[in-house]
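Here the structure comes first, spelled out in structure tokens, and everything after it is commentary.
Only the coordinates and a few stated rules stand behind these numbers; no lab work does. Everything numeric in this text was worked out from a predicted model, so none of it was measured. Don't worry about glycine lacking a Cβ; one is built from the backbone with ideal geometry, like all the others, and counts go over all protein chains shown.
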Amino acid sequence: MRRSVPVLLTSAVVIAGLAAPAGASPDGSAGEYGDYGGVLNILPPGQSGSINVAEAAAAQAGSPPENFDDQLEMYDALNHADLGALTEGDLSSYYKDAPLTLSDADAVTVDRPKDGVTIRWDDFGVPYIEGATREDAAFGSGYAGTKDRMFLMDLLRHVGAARAAEFLGPSEANVAMDQEQLRAAYYTEEEAAAQIEQAAERFGEEGVRLVAALDAYLAGINAAQEEMCPGLVVGPDCPVEYAALGRAPEPWDRADVVYVASLVGGIFGKGGGAEFENARLLQQLEAQFGPEEARRVFDDLRLADDPQAPTTASTPAPYGGGPVDPTLPGVALPDLDGPTAPGTGADAGSGGIPSPTDAALQGGLGERPMVVDGPYGPIDLGAVPDMMSNAALVAGDRTEDGHPRVVFGPQTGYFAPQLLTEQAVVAPGIRARGVSFAGTSLVVQLGRGVDYAWSATSAGSDLVDTVVERLCEPGGGEATVESEGYLVGDECVPMDRDVHEELATPTAATPGLPQQYSFLVLRTGHGIVQLRTTVDGAPVAIVTQRSTYGRELDSALGFERLGNPDFVSDADGFRDATAAIDYTFNWFYVDDTDIAYYSSGRLPLRPAGVDPHLPRWGDAAYDWQGWLAVEDHPQQVNPPSGYLVSWNNKQAPEFGAADDQWGYGPVHRSEALSDRLAVLADRGGVTTTDLVVAVQDAATVDSRAFYTLPSLLEVIGDDPALAEATTLLRGWADRGAHRLDQDRDGAYEEQAAIALFDAWWEPVAQDLLRGTLGDLVAEIPQRLDDHPRQGLGSAWNGVAWYGYVVKDLDRVRGTDPGAWSQAYCGGGDLAACQADLRTSLQAAVDRVLAEQGVASVSELTYDKHIDDIRATTAGVVGVRAIDWQNRPTFQQVVAFTDGRS
């Protein structure tokens, strides 16, 4: 069971250090800062998320709690609005106003849980927290966040601690989830708690103040928990999930916040770590083509620094990249068929625990077990796109009034209740409104400040490496793949060995007998051991090294700065704030004069002798040699184009893609935004509505089709036997390739073309390269598609195959002969390629006509509900599915027309 650590009390010295500065209003009102309007936002399904027994019963009868799903309808409605007729006055139907403060008279509810803290809830259920000190505000954030997300917060802290089975009960899914979290971010509770003090030491006075606020935040969480679920008695306001589990909530401590941060950062804030899979593919290519040709093919497919890739910044930021070179002395290539032994997550003696997956060795493509068995059924924490979020910013010199316009937000998946929680916080040292992940709302992670706003997209930059350690026996003797020692220089050092234990007692959802689980944890000086195998027959350990490991809470400093109006008053302050965030994100900023971009991350500098695409030896000579300097990160302020766009695309020219990111080619979904913003920026006079329309119009584009169909159809050419099919597909592309039921009659307007292209895409993509690569096409460690059918909303992101189609067909036609080393379609022969594509399309036509029992492709139908956004129920009450749209789950519309001088 988890132990309870008392929340540390803030010293009088620190409290004095956070007292209201001269000139500030102690009640958190406008004071010297003023209040600047101009921000709208939306966060479906709604703010309310903690549901008691009575509310659950009412919801089952068709009456969900107030504010549980009220923003879902506004969000969905924009998807079938008449965008051509949209006016600025219409925006309030689709977004809510997002001020910083709320008066007692305008509040639905007012609470003062302790002296110095006032919380007002508006009619959307959003809490407005005012504190006499920063700690008071932090207490209020913990208190209000728990009122809104208590069970979800508890779920996330247990999953982050690899204790899902202990909390939710013994099941295969819960055990698998715990295994994978151990492999991603294992910490003992003492190690997790110690990170707080270590962060304070690293950041001096700022760190001390942040820790004081954190302790107050934990006190607020525990006060709300005790109020809602007093002692061991389940009270009338206690979330219904606890009664279903037969569990009483336990107090929060410092380690819990680190566990939640490690889970969130592990999903959204990392990149790289796929060198093991890359090495396998390279060796398979060498076996088929020989060393030199294999490297050329690998580089073609890898798209590490493709000059055709759309970028967010226009200024170069050299980092990483380059052709693959397995002959470098620091490269270690694991044997393809060598013996193996498990690493972290393996059974340590309890019996019955299956071997863990190798998802951690596949980087962002790894299919980690992410489903847990909750009290009311499965909860899919993997229903989060692996890369998501978008940003569209237009500079003031291109707008109607000289002030920038922005629409941006994170795409963090659809959950009920939402993983994100919203708040407005006003106190000395913070004046911000926006969202944070449940359990981390000490800070506002994405939102608005006094006269500025900020948001992020996942960058996926390369801060994870695969390190190969030479195994040895600490007591002497011959090493095997079962050995638990590794060489540091000439010395055999025992691995750090732990056994992670859980006692999982059954629940109504996970019946059976209590289970005692014991998981092996092995770590070296570089990180967590994933697997043991061989290199050239010698036993080795495969280790994941992450630059943010052991520093999960350090990024909180950057978030704290972002919400502090004394720190951020312009684009320079924004850069200095986001530069303190170790996780890899693209950050965007707007005020009444500037737009700005900065890509954060604790990005390692790798020495000569290693190849960033491939695993490296753990020798000291090949260790990281420091961190990319702030000025060398991708960044830009007020670009000459007049706009900034990000949809998880390449950051800047010459900025090499992380080893797990092969999708930075000539086709990326970000073009659906940049194409539209380029037109607006060139025209000038951009309004808020113009930008909302452009972003929403892009949200229903099938980017895969729009940017690949022209190349495919041009090579197919005029074939009478395929004329009906090609005319259908070409017409859809010419009209924008939307997947949209504008009139909500139950069907996409272009359903026939959608049905045909969906049937054709995967076969034609693989067949394109099969003429040269043969069966090795199936070994390319990249997914073939990112389709709306996943139910996640987010689609068309980072798929290398979209770019492969365009690059290969350009090469075979001779229109861009230098892009790839060779053409693959039809073995490089245009006529053979054309014949292959015609055969492929005809096969798709025949197949889909037979499946639907119709005679003409124009009669094909497509069930649009296959694409529906299906929210994951993270508690007891769910929400209805909505039509597909590729859009942030928290979205801000920003138009500041004034600000601090």
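General observations
- For segment 307-371 versus segment 567-592, the inter-centroid distance based on Cα atoms is 30 Å.
- Bridge orientation summary for the chain: considering DSSP beta bridges with both residues in this region, about 90 percent are antiparallel.
- Couplings 3J(HN,Hα) of segment 112-128, computed from phi: 10, x, 7, 4, x, 10, 10, 10, 10, 9, 8, 6, 9, x, 7, x, 10 Hz, in residue order, whole Hz [Karplus 6.51 cos²θ - 1.76 cosθ + 1.60, θ = phi - 60°; x for Gly and Pro].
- Karplus-derived HN-Hα couplings along segment 194-200 (A = 6.51, B = -1.76, C = 1.60, θ = phi - 60°), whole Hz, x at Gly and Pro: 5, 4, 5, 5, 5, 5, 4
- Of (i) 36.2, 125; (ii) 27.2, 84; (iii) 53.8, 184, the label for Rg and Dmax of the Cα atoms in Å derived from the coordinates: (ii)
- Simple label model, 7 Å out from Cα along Cβ direction - Gln742 to Asp401, nm: 3.0 nm
- Taking the Cα centre of segment 700-872 as origin and assigning +1 to Lys and Arg Cβ atoms and -1 to Asp and Glu Cβ atoms, the resulting dipole is close to 360 debye.
- Stretched out straight at 0.36 nm per residue, the stretch from Glu631 to Leu336 would grow longer than its current Cα-Cα span by 102.1 nm.
- Overall form of segment 703-745 per C-alpha gyration tensor (a/c, 1.5; a/b vs b/c): oblate
- Percentage relative contact order, segment 382-444, counting C-alpha pairs under 8 Å, at least six apart: 23 percent
- Given charges at Cβ of Lys, Arg, Asp, Glu: the chain dipole, positive-most of His787, Val467, Ala184: Ala184
- The simple spin-label model puts a point 7 Å past each Cα toward its Cβ; for His80 and Val493 those points are separated by 6.2 nm.
- Within segment 709-753: backbone nitrogen closer than 16 Å to the Thr839 label point (7 Å, Cα to C-beta): 716
- Inter-part distance where segment 168-236 and segment 715-772 are each reduced to a Cα centre, Å: 50 Å
- Taken about its Cα centre, the chain carries a charge dipole of about 320 debye when Lys and Arg each add +1 at the Cβ and Asp and Glu each add -1 at the Cβ.
- Contour excess over end-to-end distance, with Cα ends at Glu227 and Gln288 and 0.36 nm allotted per residue: 15.3 nm
- Charging the Cβ of each Asp and Glu at -1 and of each Lys and Arg at +1, and nothing else, the dipole of segment 698-737 about its Cα centre rounds to 200 debye.
- Amide proton proximity set for Ile528, modelled H, under 5 Å, gap of 5+: Thr544
- Relative contact order for segment 488-628, counting Cα pairs under 8 Å that sit 6 or more residues apart, in percent: 14 percent
- Positive-end extreme of charge dipole, the chain - chosen from Pro342, Val425, Ala162 (charges on Cβ): Val425
- Using R0 = 35 Å, the C-beta based FRET efficiency linking Ala723 and Arg789 works out to 0.75.
- Separation of segment 40-64 and segment 610-657, taken as the distance between their Cα centroids, equals 42 angstrom.
- Listed by chain and number, the aspartates and glutamates whose alpha-carbon sits under 18 Å from that of Lys270, ignoring those within fewer than 8 places in the same chain, are Glu180, Asp358, Glu367, Asp386, Asp462, Asp465, Glu552, Asp554, Asp582, Asp659, Asp660.
- Estimated from helices alone, the mean residue ellipticity of the chain at 222 nm is -10000 deg cm²/dmol (sum of -39500 (n - 2.57) over DSSP H runs with n ≥ 4, per residue).
- Each of the GluC sites (Glu not before Pro) that DSSP puts in a loop and that has at most 14 other Cβ atoms within 10 Å breaks the chain; the longest unbroken stretch is 483-901.
- Residue among Ala694, Leu285, Thr727 farthest towards the positive dipole end of the chain, charges placed on Cβ: Ala694
- Where labels lie 7 Å past Cα in the beta-carbon direction, separation of Glu851 and Ala58 in nm: 4.5 nm
- Computing FRET efficiency as 1/(1 + (r/R0)^6) for Glu197 and Asp111, where r is the C-beta to C-beta distance and R0 is 35 Å, gives about 0.60.
- The mean sequence separation of alpha-carbon pairs under 8 Å and at least six residues apart, normalised by the residue count of the chain, gives a relative contact order of 18 percent.
- For Gln445, the residues whose amide H sits under 5 Å from its own are Val435, Ser436, ignoring neighbours fewer than 5 places away on the same chain, with H placed 1.01 Å from N.
- Nearest-0.05 FRET efficiency for Ala608 and Ser355, computed from C-beta distance (R0 41 Å): 0.65
- The stretch between Ser821 and Arg880, if pulled fully straight at 0.36 nm per residue, gains 16.3 nm over its current Cα-Cα span.
- Cα gyration tensor, segment 306-409 - rounded (a/c under 1.5), prolate or oblate: oblate
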